[in-house]
Amino acid sequence: MTFGDKKYRYRFALISGILLLFFLVLFSATVGAANISIFDALRILVRRIPFAGRFVPAGEISRTHELIVLNIRLPRVIAAAIIGAGLSAVGATYQGMFANPMADPYVLGVSAGAALGASIAIVMGADKVVGGFGIITAVAFVFALLTVFIVFNIAKTGVKLSNTHLLLAGVAVSFFASSVMSVLMVLNRDKVSNITYWMMGSIAFTSWRQVLILAPLVVAGIVVVCVFARELNIIAVGEDEARSLGVEVEKVKKLLLVVCSVVVAACVAVSGVIGFVGLIVPHTVRLISRSDNRVVLPFSAIGGGMFLVLCDTISRIPTAEIPVGVLTSMFGAPYFISVLIRNKKKVV
């Protein structure tokens, strides 16, 4: 097979994946507890598409049903696609950068920092909404970035960033943040349920305002890490070899770590802690496409978006909605254990 054929197949698969994600988002927006038929929900959505809407009759569509689909379901489904894509792309970047298939988006303590910030805001009763954006979300975002800043400064040795020190600093700061959060929960028992629900991970109350703030940060972050896919490939061979080939390893690592931290902070601030998306999706893509980050990064983003949209759709089927973070863990943990068992058998 020639290089041109591979390039054509790659582009075809990428476009197909994007279209599949788009249709999955549309379908997911038709699913929910409200008694709205799939056809009515699709009519509501299609009528909002420029040019196509004029060919779809309004019929007997209720104004209430239109508000449910457009203002409740659609923003959360789009947020699920964006968050899943962001977490998965960051996971693929960390796994390539640290040469560690177990690295995930929360390896630098971002989730623990965001959870601590949200817990403090909940305990202080800062549950108001300012300008359509929740104070708890804003505080979680700030604490997530602050945590990464602390981890960076702990791990930095002069101008160099040691992967080992970075991971260890992330673990240590995560444990400290978790212990402070536990103390807050013990001292404020009336707020425990709110804190626990936030830590389970949920996008049930996502608004259009949050989506409009989240989307540029995550999409820009994914574009940046994809641009540096070639450098990641070279770094994966070895940092000394990468330097000899002209790659400024420390600058690339710092830039990617900052970009990834902003993406994860934005995602966690909106959705709470959602695990395994950034771990299993990139790992699965690597099993299929080997380890070329030029392929792994974009397909991880698309796969992560699909995975979280599917989990969010399933979470809305029961009468009592299940937090989406619980479902990702239920699906992700057994899958990842099976991958580990298969790899262990290969080694033996």
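Counting protein heavy atoms only, the chain has 70 percent of its accessible area on carbon and sulfur, 1.4 angstrom probe. If the segment from Phe175 to Glu248 were pulled out straight at 0.36 nm per residue, it would be longer than the present Cα-Cα gap by 23.1 nm. If only the Cβ of Lys and Arg carry +1 and only the Cβ of Asp and Glu carry -1, the dipole of segment 181-275 around its Cα centre is close to 400 debye.
For the pair Ala99 and Arg290, label points projected 7 Å from Cα toward Cβ lie 1.8 nm apart. Using a probe of 1.4 Å on the protein chains alone, the accessible area found for Ser193 is around 80 Å². Please identify which residues in segment 89-122 have an amide N closer than 12 Å to a label point set 7 Å out from the Cα of Leu161, following the Cα→Cβ vector. Hits in segment 89-122 for Leu161 at 12 Å: 94, 97-98, 108. Please work out whether the chain counts as rounded, prolate or oblate from its C-alpha gyration tensor, where a ≥ b ≥ c are the square roots of the eigenvalues and a/c under 1.5 means rounded, while otherwise a/b larger than b/c means prolate and anything else oblate? Because a/c hits 1.5 or more and a/b fails to exceed b/c, the chain counts as oblate. Sparse packing (at most 12 other Cβ atoms within 10 Å of the Cβ) combined with a DSSP loop state is found for the following trypsin sites (Lys or Arg not before Pro) in segment 276-348: Arg290.
With every protein chain left in place, what is the accessible area per residue of the chain in square angstrom, probe 1.4 Å?
Computed with neighbouring chains in place, this is 50 Å² per residue.
Among Leu19, Leu232, Leu108, the residue with the largest mean-square fluctuation in a Gaussian network model of the chain, with springs joining Cα atoms closer than 10 Å, is Leu19. Relative to the current alpha-carbon distance between Lys7 and Asn71, full extension at 0.36 nm per residue lengthens the span by 19.1 nm. The dipole here belongs to segment 210-348: it is taken about the Cα centre, uses +1 on the Cβ of Lys and Arg and -1 on the Cβ of Asp and Glu, and is about 440 debye. Remark: the Cα gyration tensor places segment 67-157 in the oblate category, a/c being 1.5 or greater and a/b not exceeding b/c.
Residue separation of Ala220 and Glu241 scaled by 0.36 nm, minus their Cα-Cα distance, works out to 4.7 nm of gained length.
Where only DSSP H runs of four or more residues are counted, the chain gives -24000 deg cm²/dmol as its mean residue ellipticity at 222 nm, each run worth -39500 (n - 2.57). Charged side chains reduced to their Cβ positions (Lys and Arg at +1, Asp and Glu at -1) give the chain a dipole of some 560 debye around its Cα centre. Taking all protein chains as they are arranged and a probe of 1.4 Å, the heavy atoms of Asp190 leave approximately 110 Å² accessible to solvent. Placing Ser271, Ser37 in order of accessible area, with the largest value first and a 1.4 Å probe, yields Ser37, Ser271.
The values are calculated or read from the model by the stated rules, or taken from the named source; none is laboratory data. Keep in mind that this is a model prediction, so the values were computed, not measured. Using ideal geometry, Cβ is built from the backbone for each residue, glycine included, and neighbour counts are taken over all protein chains shown. In case anyone asks, the SASA skips ligands and DNA or RNA and just uses the protein heavy atoms, side chains included. Shrake-Rupley method; radii C 1.70, N 1.55, O 1.52, S 1.80 Å.
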